[in-house]
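Take a look at the structure set out below.
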Amino acid sequence: MTVPKLALSDNTGEALAKTRADVVVIGTLQGEDGPLLAAGAAAVDAAFDGRLAGLLATLGASGKAEEVVKVPTLGKLPAGVVLAVGLGKEGDAVTPEQVRRAAGAAGRALAGTDRALVTLSELDLQAAVEGTILGSYVFTAYRSEKGDAPVAKVDFASPSAGTAREHKATLKAAGTIAEAVLVARDLINTPPNDLYPASFADRAKKLAEDNGLEFEVLDEKALKRKGFGGILGVGGGSSRPPRLLRLAYKPAKAAKKVALVGKGITFDSGGISLKPAANMDHMTSDMSGAAGVLASVVLAAKLKYPLEVVAHIPLAENLPSGTSYRPGDVLTMYGGKTVEVLNTDAEGRLVLVDAMVRAAEENPDYLIETSTLTGAQVVALGNRTAGVMGSDDFRDRVAAIMQATGENGWPMPLPEELRADLDSRLADLANVTGHRWGGMLAAGIFLREFVADGLDWVHIDIAGPSFNTGSPWGYTGKGGTGVPVRTIAAVLADIAANG
Ligand code: BES
Ligand code: MN
Ligand code: ZN
């Protein structure tokens, strides 16, 4: 992955005369009678003798969200081009997400540019940095023709409020967070013939070593010895055996302990309960939760959160074969509970509870689990809103933070009456209900059966939001999105600040 080189410049007025940028990015707002210039654009407008808004209107610009219009400067500025990007309608104030999306649209349009000066940072520095980096990302590892490279260098105009020191810290944190999102995207976008449990483990080991994390990998023999029946059952059908990873960031002074668990099915065919052929390729993304928590524990170390953060990552490939687990099998999960498998395509919950029970052995203060768990999540909430379940207070806290980041999660209940539908004829629990109703919630209830009373935990179902099968929008390209890395980062920061 190539991340643009980031720098902080003076405010737009000071920076404009001496910038070596090829393109200056300004924001526009959608006014009643045409585009308006956002803060940060005033100095650029001065170079156009105050006629920039009129010029943009003549070119057909409206200021609507993500609109991109390029204007040649014809020597009025050292930079050759002004790129005007729409922020959309202004409410009480321009929101961080408006800035992030506009910066993302600009980041996409800057492909092939060597150096840009982004003035959207005068509205919100963190959002401008995140949006620009995320928007400029492309995954070309498997293309012979790489096309236009992402913008190589980006200077961000300093906002008027705050000190240079604060701005530098914000730039560094935002850049590091955005880079963590790209770490997750790269993993998700890597195809399943190259990314399987052992190769994922190798990549995680490299990241752990580079960032001073404790690292442990359990292979299939160790999993068997220790009794991880869920992971072994699901992974049994593949010639590429399962793994369970543990990565720990342990700073000298840690106020709280946070456990992270992420679903790592490197490909989900459904197993013997085989999925239909249409769109089965999307199941390359069934390890998005694993990618997200791996990127997040690395991020915790990079930003030195005063928290102990431990990621547990179950990895398996769900395939049909002569060694696959079957509908009708009973698995003994880590910790001893038994589960009757009624559908081998409900595999995520089986690998997850093994990892969650193990995570809880270390007595964390919080348990954050995330997974591409159910198609029902997509039916209920669509492609851009995650389902957030768990213990009441922590669930609401995480959902609120997720909305603030622009990653958009919504709190969901775990209705009591669905629990009985998971009763099994012969085991402690069945892995599915046998009906379609409330499928996202039933999966959450299954997980809850393995969470000790009193532990603050959250389950974030990212089946839809983790992978963009449509066109690029805002700062989200096609493929892996990296949701919920920014949410986990913000939750960790919130726990560090407030306990
Ligand atoms: N990985 C899928 C869920 C999924 C579906 C993720 C669509 C992303 C997009 C999961 O393992 C699965 O197959 N779930 C089943 C559960 C069912 C058998 C109870 C589903 O949702 O159909
Ligand atoms: Mn499945
Ligand atoms: Zn799955």
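The values are calculated or read from the model by the stated rules, or taken from the named source; none is laboratory data. Just so you know, these numbers come straight off a predicted model, no measurement behind them. Neighbour counts run over all protein chains shown; Cβ positions are idealised from the backbone, glycine included.
Couple of notes before you dig in:
- Residue list for the stretch 46-74, restricted to those being among the charged types (D, E, K, R) and crowded, with 17+ Cβ neighbours inside 10 Å: GLU66, GLU67
- Selected residue (criterion: farthest from TRP473 (Cα to Cα)) from residues of the stretch 66-102 that are of a type outside the set (Asp, Glu) and in a helix (DSSP H, G or I): PRO96
- Some residue of the stretch 323-330 being outside any loop (DSSP other than H, G, I, E, B) and buried (at least 24 other Cβ atoms within 10 Å of the Cβ): no
- Selection of the stretch 269-286 for residues being part of a loop (DSSP other than H, G, I, E, B) and more than 10 Å from ligand 1 (Cβ to nearest atom) yields ILE272, LEU274, PRO276, ALA277, ALA278.
Results for (1) under 21 Å from the mean Cα position of the chain (by Cα); (2) within 14 Å of GLY375 (Cα to Cα), shown as yes or no for each residue.
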{"site": "LEU441", "(1), (2)": "no, yes"}
{"site": "PHE446", "(1), (2)": "no, no"}
{"site": "VAL451", "(1), (2)": "no, no"}
{"site": "ASP456", "(1), (2)": "no, no"}
{"site": "ILE460", "(1), (2)": "yes, yes"}
{"site": "PRO465", "(1), (2)": "yes, yes"}
{"site": "PRO472", "(1), (2)": "yes, no"}
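- Applying the condition of being over 19 Å from ILE445 (Cβ atoms) and surrounded by fewer than 21 Cβ atoms within 10 Å (Cβ to Cβ) to the stretch 398-427 and asking which residue is nearest to ligand 1 (Cβ to nearest atom) yields ASN408.
- Within the stretch 115-143, considering residues that are of a type in the set (D, E, K, R) and assigned to a helix (DSSP H, G or I), the one farthest from GLY162 (Cα to Cα): GLU130
- The set of residues in the stretch 54-65 that are without any contact (Cβ under 8 Å) to a residue 24 or more places away in the chain and in a helix (DSSP H, G or I) comprises GLY54, LEU55, ALA57, THR58.
- Where a residue in the stretch 455-472 is within 23 Å of GLY439 (Cβ to Cβ) and its partner, wherever it lies, is of a type in the set (D, E, K, R) and in a strand (DSSP E or B), with Cβ under 8 Å and at least six apart: TRP457/GLU369; VAL458/GLU369; HIS459/GLU369; ILE460/GLU369
- Test: residue in the stretch 245-268 that is surrounded by fewer than 24 Cβ atoms within 10 Å (Cβ to Cβ), over 24 Å from the mean Cα position of the chain (by Cα) and either under 23 Å from GLY479 (Cβ atoms) or within 16 Å of ligand 2 (Cβ to nearest atom) (or both): no
- Here GLN98 fulfils each of the conditions (1) in contact (Cβ under 8 Å) with a residue 40 or more places away in the chain; (2) buried (at least 17 other Cβ atoms within 10 Å of the Cβ); (3) under 29 Å from the mean Cα position of the chain (by Cα) apart from (1).
- Residues that are within 25 Å of GLU14 (Cβ to Cβ) and buried (at least 23 other Cβ atoms within 10 Å of the Cβ), drawn from the stretch 125-135: LEU125, ALA127, ALA128, VAL129, GLU130, GLY131, THR132, ILE133
- Which numbered condition ALA46 fails, given (1) on the phi < 0 side of the Ramachandran plot; (2) under 31 Å from the mean Cα position of the chain (by Cα): (2)
- For the stretch 450-490, filtering for residues that are within 15 Å of ligand 1 (Cβ to nearest atom) and not β-branched (Val, Ile, Thr) leaves 12.
- Odd one out for ILE368 among (1) surrounded by fewer than 23 Cβ atoms within 10 Å (Cβ to Cβ); (2) over 21 Å from LEU232 (Cα atoms): (1)
- Selection from the stretch 322-350 of residues that are of a type outside the set (A, V, I, L, M, F, W, C) and either away from ligand 1 (no atom under 14 Å from the Cβ) or touching a His at 6+ places or on another chain (Cβ under 9 Å) (or both): GLY322, THR323, SER324, ARG326, GLY328, ASP329, THR332, TYR334, GLY335, GLY336, LYS337, THR338
- Within the stretch 293-314, one or more residues are crowded, with 23+ Cβ neighbours inside 10 Å and within 14 Å of ligand 3 (Cβ to nearest atom).
- Candidates are the residues of the stretch 371-397 that are assigned to a loop (DSSP other than H, G, I, E, B) and within 12 Å of ligand 3 (Cβ to nearest atom); the one that is surrounded by the fewest Cβ atoms within 10 Å (Cβ to Cβ) is THR374.
- Residue count for the stretch 145-196, restricted to those that are in a helix (DSSP H, G or I) and under 18 Å from the mean Cα position of the chain (by Cα): 17
- Test: residue in the stretch 189-208 that is within 16 Å of ligand 3 (Cβ to nearest atom) and out of contact with any helix residue (DSSP H, G or I) (no Cβ under 8 Å at 6 or more places or on another chain): yes
- Members of the stretch 31-42 that are farther than 17 Å from LYS70 by Cβ and either free of Cβ contacts under 8 Å to residues at least 60 places away in the same chain or outside the structural domain of ALA106 (by TED's automatic domain parsing) (or both): GLY31, GLU32, ASP33, GLY34, LEU36, ALA42
- Those residues of the stretch 407-463 which are small (Gly, Ala, Ser) and either farther than 17 Å from SER391 by Cα or part of a strand (DSSP E or B) (or both), in sequence order: GLY409, ALA420, SER424, ALA427, ALA430, GLY434, GLY438, GLY439, ALA463
- Among the candidates ASP194, ASP92, ASP114, residue that is assigned by TED's automatic domain parsing to the domain that holds VAL297 and more than 20 Å from MET402 (Cα to Cα): ASP194
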